Amino acid sequence: AMCDRFGVIHHEASSSTIRKIFLGQSNFGERSLTKAAVVRRAQMLGLMPKDCFDDNRGDAIATWSYAESTFGNRAPGSLVMFGEGSR
């Protein structure tokens, strides 16, 4: 829905590109170390609870952050949800 709203028809990004934007580097050696770095960064930014260590959630947050930084300039000045502005 967000891609449709902002006119992003199709965009591909590799996981290494997403991590490079989110972490500053794409690889921390072993896969487990890279996944842990994503989780720590998401926690540090306050986007993930400190007691959560779900690397899938971390990857989703990193992907959202990548999309936000890549397409954020297309966002409207304000986002109205659930008919809030229709009254």
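The values are calculated or read from the model by the stated rules, or taken from the named source; none is laboratory data. All figures in this text were calculated on a predicted structure; none of them were measured in a lab. Every residue, glycine as well, gets a Cβ built from its backbone with ideal geometry; the counts of neighbours run over all protein chains shown. Accessible surface is based on the protein model in full, side chains and every heavy atom, while ligands, DNA and RNA are left aside. Shrake-Rupley method; radii C 1.70, N 1.55, O 1.52, S 1.80 Å.
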Q. Ordering Leu45, Leu23 from largest to smallest accessible area (1.4 angstrom probe), what's the sequence?
A. Leu45, Leu23
Q) Could you sort Glu68, Glu12 by accessible area so the largest value comes first, with the probe set to 1.4 Å? A) Glu12, Glu68
Q | Accessible-area order (highest first, 1.4 angstrom probe) of the listed residues Arg57, Arg41, Arg19 | A | Arg57, Arg41, Arg19
Q: Would you tally the net charge around Leu45, using a Cβ to Cβ cut-off of less than 15 Å, leaving Leu45 out, and scoring K and R as +1, D and E as -1?
A: +3
Q. Length gain on complete extension for the stretch Thr63 to Ser16, per 0.36 nm per residue less the alpha carbon to alpha carbon distance?
A. 15.8 nm
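State the percentage of accessible surface on segment 1-66 attributable to carbon and sulfur atoms; use a 1.4 Å probe and exclude ligands, DNA and RNA.
On the way: 2490 of 4580 Å².
So the carbon and sulfur contribution to the accessible surface is 54 percent.
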Q: Compute the signed sum of charges (Lys and Arg +1, Asp and Glu -1) over the other residues within less than 13 Å, Cβ to Cβ, of Gly29.
A: +2
Q: Enter the accessible area of Thr17 (Å², nearest 10), with the probe set to 1.4 Å and all protein chains included.
A: 60 Å²
